[in-house]
Each structure stands twice: as C-alpha cells, then as structure tokens.
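What follows is a short report on a single structure.
Bear in mind these aren't lab numbers, they're just calculated from the coordinates by the rules spelled out. Here the structure is a predicted model, which is why all the values come from computation and not from measurement. Glycine also receives a Cβ, built like all others from the backbone with ideal geometry; neighbour counts cover every protein chain displayed.
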2 protein chains.
Amino acid sequence: MPDTRLIAIDWGTTSARAYWLDGGGRIVDERNAPLGIQKIIDRDFAGALARLCGELPSGVPLLACGMIGSRQGWIETPYRDCPAGFGAIAAMLTVVPGTRVHIVPGLICRDRNRVPDVMRGEETQLFGALPDDLRGRRAVVLPGTHSKWAIVSDSGIETFATFMTGELYAVLREHSILGRLVAPGHDASALERGLRHSLREDAALSHDLFSARTLALTGVLAPAGITDYLSGLLLGAEIAAARVWLAQHQLASAAVALVGDAMLSERYRSALAVAAIDATLGPTDAAARGLWRIAKHAGIMK
Amino acid sequence: MPDTRLIAIDWGTTSARAYWLDGGGRIVDERNAPLGIQKIIDRDFAGALARLCGELPSGVPLLACGMIGSRQGWIETPYRDCPAGFGAIAAMLTVVPGTRVHIVPGLICRDRNRVPDVMRGEETQLFGALPDDLRGRRAVVLPGTHSKWAIVSDSGIETFATFMTGELYAVLREHSILGRLVAPGHDASALERGLRHSLREDAALSHDLFSARTLALTGVLAPAGITDYLSGLLLGAEIAAARVWLAQHQLASAAVALVGDAMLSERYRSALAVAAIDATLGPTDAAARGLWRIAKHAGIMK
C-alpha cells in the first residue's frame, strides 16, 4: 500500500478493525480481528496492533477510536463535553507515548437533570455519517448492544442518549425466566406485536416484559415467536422513549438516519416504520470515514 | 400433633414450607426445606413430601399452593379467571390422585388490551392477608422476584399486575455491564436517587439503567452505591407504573398493604414512602392463613 496516508482503527470491546486509507480517504485495505480490549492479555496493546496490522508503513500516522481510549484500554482519553464539533474533537486527540497512535476522545453529555451519558467510538461514526451538505439538525440512531440516539448538525454533535436494548435482550434471553419457553425461530408478527405493545401510551417495561411469558403460557405466542416478541418489546420501549427525548429537544421524530451494522440497521428500520418513523440507512464505513475526517481536521497527516 | 386438622404447604420454585394447623387455624408446627419444584429429581413429589413432612397424621388433609400446581409441578391445576372469590378458588381445588393432597389453582387476569397476567401462590397469600372486616377495595403489594400488585375487596381478588423487578435486578447485577464497577455495600441515598430518577415524568427504564454506569464512571456514585441505585431505579419504575395502573382501576394510590418477606417488605415500604405512598405491613404467615381459609371454604377438613 504505497499510497497509504492513514491507518484508521475502530477498536472496540470485542473486536478491532483497521483500514488503510489513501490520500483521498478511500479504503485501500481492511483487516478485522477478535482483538477487542477485553481479549487482550497483560495489556499488550502494542502486540495486538502488530498482529492486526502487520508491518506499519513508515511515517504513516494511526488514528483509533472506541474503547481503546477507555480506562481499560491502551491509554485513557478524557471524555469531551457536548456539544462538540470536528474542531473540538480533533484538538483533543491523545497520543500513545512512543508510538504514532492517536486516539479519539469519547463524548459526555448531560441531560436536563444533569445525569451524564457517554459514548466512545460512536462519535467517530457520527462524524463519518454526517453528509457534507447537512443543514439544520437531525436525529441519527446507532443500533448496538447499547444503542445511541444522537442529535447532530453542521456544527457537530449536540447531545445523545443511550438505550441498553441489546444488552437487556441478551441477559433476559440467556439468564431470565423469559428464555425458558423459547424455541429457535423468527416471527415478524411477534416482533410487531411486541413493538406495538411497548408503543402504547401506558407501556411499562418491567411489567410488559412478563407478557413474553404469559402470552407463551396461554398459547397466544408460539415458542418460536418469543424472542422476536421480547426484542419487539425492548425496541418499542427504546423508540417510545427516544421520541419523547427528541421532542424535548424540539426535534420532530418523523425521520431519522441509521448508522451501523447492516442487518441490525434493517431491523431498526422496520421497527421504526411500525412507529411511523421514516429511517434512511447511512454509510456502512462510517467509522473509517469519521476517522479520516478527524485526522484531516487534526492535521496529523503529512 | 394430635389436634392437627390441616397440613398447609406453600410449595414454590426453590423451597417448600409446611404448616401444621389446629382446629382454630393456629400454627402448631412448621417445617421448611429446599425442596422447591426445581430441586426435585425425576418428579418424585411424593418422596419430597415425605422428606418435608415425615409421617402424615392419619386422615388429615393437605392443601398446597404455589408452583407445585404448575406444568412443571406435581399436577397442573388450571388457572382460574379473575375476579375470583374464596368460593370460586375453593371450588377449583385439584386432588393429586391416590393422595390426600389438594392443590390451589393459580389465577389469570387480562388487562384492557387482553394481555394475560398470572399468579400461583400469591392468590393464597392475598386470601390470607385479607382482613375479616374489609370493606371496599384496596391495593396489596407482594414483593418478590416477580412482585405482584393486586386489587382486592371483600368479594375476592379483582385483578393484578406483575413486575419483574427482582429478576431484572438479579440478571443486570450478575450478567450485565452494570455489575462491573460494583463494590459491596449499601447506600440509602443512592437508593433514593435511583427511585426519584425513575419516578420522574419522563423516566425511560432502558435508558435510565445506563445511568448506573455513567454516574459511577463520573464518580457521582460510589462503587458501593451502585447496586442500591440500580435497585432504586427498578423499584421506582415499578411504583410509577403501578400508580398509573391503580388509577386506571379507579383506585387511589395513597395507601397500600404489603404482604411477604419482612426484609423485602420493609425495603418496599421505604421506597413507597419516597413516592408518598403509605404502606402497612401485612401478616407474615399469610400463606398458612390463606390455605386455612381456602380449606374451610372447600370443606376438605372433617
């Protein structure tokens, strides 16, 4: 890769993905490995980087985002306050001493009750997903274990909110009574039933979750539909709450952009449609794109 | 126990408790064993009963309630529809063939969306907790892994709602990211902070749960306060939703009665006080009392 100008790394909890970018920000090579920070023994991050990338091209800077910048990562990069634009993020890169590795800070925001929320890695995806000609404000949804709803504008990331949807699904499916009657399978109507149940005005998650059991006990829900129903309940609770949150920020929730894993985004798109929210799918290489943009703003490339 | 007239058994998922009752319904002996239905091998319920009770007094009937009547129990007793009074419950006892063991049916109710809810064992505690001179309707709360809020009157159990508060707490504490930063300890102010956060108007559980992490990350919450904060969030979500539910049933939520384990009831009482709900503690032997009353209605004692 003689024309590599930046090695961009999306380095999370369970996996790491590296992109070789040329002078136009185009991806010329890409590697993925299960070298997330939880998998690294004795904090040997330098060794993990060598395994992920092989020999590094001389003089080319590296820029990483995600949990690699957390307390459990290579070096802790402090959270940057929201609102935050490209300039603010780019001015706050942390360099790992003795390396060419720069790390993007995570973001922190506070809601109207002064309760903090945080992200690490998603801020970079958001910067990658922003269209060049964005005017006004818009809502962006990043589905995942902890899904994030963010409000962005041409001046950057205004604020965001986290929903533990994916993790709640996993722990309830694996470890609670709700997983007991489950049979493998998918059932779109069960997903929609769960969604609509959580979207009703008097929804109450810790009560409604129990209906995944009672509807199965009474034969209304087939064993193969239970997981989709559970997923629908949790997605519906997220969407209902996010809609209120957007309204508090004077943003209509008729349309959002989705950024992230293609399959999960498609699932969110159909769920959002049930709530009459129109969703467009963003770029799938948002992290690489975001890292490139931040690197340019920071001027770390020759 | 020469004057034993009934052996009453509260037989749940993890444990079983037997009471020897005399002609006045007074407890003359009591035994407890970890012989819940999940602990019984090869469905040897008769063997478990012998281990729990020893030699049975000749001619004395037995009456059991709880998960022993579920599909995974000794014999499945169908759910009885709500509203249900003593008479209806007593008329629906199921006898285990070849034994003197009678089993109380569970209850099923349906909310205004026709979504079912179920209980097994709590109906008996409710019948045991009802004062003899009850007039009008009142709310009773039975804390537990799956806590139940019920509306009762002198004509029986009108309806009820389940909240997965205890199970959500356990799975999130043991299996989610929220358990990672936890240190042992108790912190009453963290409990109250969690409660108040979930009692606010725009509370959203799957979002608010993440604050147990962000408040810890930012040092607002000490590691020893995280579990109480999490418990407060979940209790607050239950109380907020139950208050709406009571209002839908035209019942003021200024006062409730608590029935169940003394320590857990005390925790609920202080939580309810934060929400300005006055709670009185019910009898601690509600199951034995309820089984005695049902047995009398059913006329199974000589």
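Some observations on this one:
- Free-standing Cys, the protein assembly as shown [no other Cys Cβ under 4.7 Å]: A:53, A:65, B:53, B:65
- Highest-fluctuation residue, A:29, A:132, A:117 considered, GNM on chain A with Cα pairs under 10 Å: A:132
- Exposure proxy order (Cβ contacts within 10 Å, fewest to most) of B:229, B:79: B:79, B:229
- Net charge dipole size for chain A [Lys, Arg +1 and Asp, Glu -1 on Cβ; Debye, nearest 20]: 320
- Label zone at residue A:110, where the point sits 7 Å out along the Cα-to-Cβ direction: segment B:188-215 residues whose backbone N lies under 13 Å: B:215
- Put in order of Cβ neighbour count within 10 Å, fewest first, the listed residues A:176, B:211, A:15, B:155 become B:155, A:15, A:176, B:211.
- Counting only DSSP H runs of at least 4 residues, each contributing -39500 (n - 2.57), and dividing by the residue count of chain A, the helix-based mean residue ellipticity at 222 nm comes to -10500 deg cm²/dmol.
- For residue A:43, net neighbour charge (Lys/Arg +1, Asp/Glu -1) across residues whose Cβ lies under 14 Å away: -1
- Hydrodynamic radius of segment A:1-109 by the Kirkwood approach over all distinct alpha-carbon pairs: 14.2 Å.
- In straight-distance terms, cross-link reach from residue A:39 covers every one of the lysines whose alpha-carbon lies under 29 Å from its own, apart from those fewer than eight places away in the same chain; here that gives A:148.
- Debye, to nearest 20: dipole size of segment B:165-281, +1 on Lys, Arg Cβ, -1 on Asp, Glu Cβ: 180
- Helix B:165-175 axis versus longest C-alpha principal axis of chain B: approximately 60°, rounded to the nearest ten.
- Using C-alpha pairs below 8 Å separated by at least 6 residues, the relative contact order for segment A:238-302 is 29 percent.
- Where a label projected 7 Å from the Cα of residue B:14 along Cα→Cβ would reach, residues of segment B:185-200 with amide N under 20 Å: B:185-186
- Exposure proxy order (Cβ contacts within 10 Å, fewest to most) of B:55, A:266: B:55, A:266
- Mean separation of Cα contacts under 8 Å (6+ apart) over length of chain A, as relative contact order %: 18
- FRET efficiency, 1/(1 + (r/R0)^6) with R0 22 Å, evaluated for residue A:28 and residue A:263 via beta carbons: 0.25
- Applying the criteria of a DSSP loop state and at most 16 other Cβ atoms within 10 Å to the trypsin sites (Lys or Arg not before Pro) of segment B:1-107 yields B:26, B:71, B:100.
- Residue-by-residue Karplus 3J(HN,Hα) for segment B:81-91, coefficients 6.51, -1.76, 1.60, Hz, glycine and proline x: 5, 8, x, 9, x, 3, x, 5, 5, 5, 7
- 7 Å along Cα→Cβ, label-point gaps from residue B:83 to other copies, nm, shortest first: 5.7
- Debye, to nearest 20: dipole size of the protein assembly as shown, +1 on Lys, Arg Cβ, -1 on Asp, Glu Cβ: 40
- With bins 10 Å wide beginning at 0, the percent of Cα pairs of chain A falling in each bin runs 6, 26, 30, 23, 12, 3, 0.
- Among B:265, B:189, B:231, the residue with the largest mean-square fluctuation in a Gaussian network model of chain B, with springs joining Cα atoms closer than 10 Å, is B:189.
- Considering only A:49, A:233, A:142, the Gaussian network model of chain A with Cα springs below 10 Å gives its largest mean-square fluctuation to A:49.
- Amide hydrogen proximity for residue A:220: with H placed 1.01 Å from N in the peptide plane, no residue at 5 or more positions away or on another chain lies under 5 Å.
- Set of lysines with alpha-carbon distance to residue A:302 below 28 Å, sequence-local pairs under 8 removed: none
- Folded to 0 to 90 degrees: helix A:262-274 orientation relative to chain A principal axis, Cα: 40
- Using alpha-carbon coordinates, inclination of helix B:188-199 to the longest axis of chain B, degrees: 90
- Ordering B:232, B:268, B:194 by Cα displacement along the dipole of segment B:187-302 toward the positive end leaves B:268 in first place; charges were set at the Cβ atoms of Lys, Arg (+1) and Asp, Glu (-1).
- Taking every alpha-carbon pair under 8 Å whose residues sit at least 6 apart, segment A:159-302 reaches a relative contact order of 23 percent.
- Two-decimal Rg to Rh for segment B:165-281 - Kirkwood Rh, Cα set: 0.98
- Translational diffusion coefficient (Stokes-Einstein; Kirkwood radius from C-alpha pairs) of the protein assembly as shown at 25 °C, 0.890 mPa s, in µm²/s: 92
- Amide H to amide H distances under 5 Å link residue B:256 with B:278, B:279, B:280, where only residues 5 or more positions off or on other chains count and H is placed in the peptide plane.
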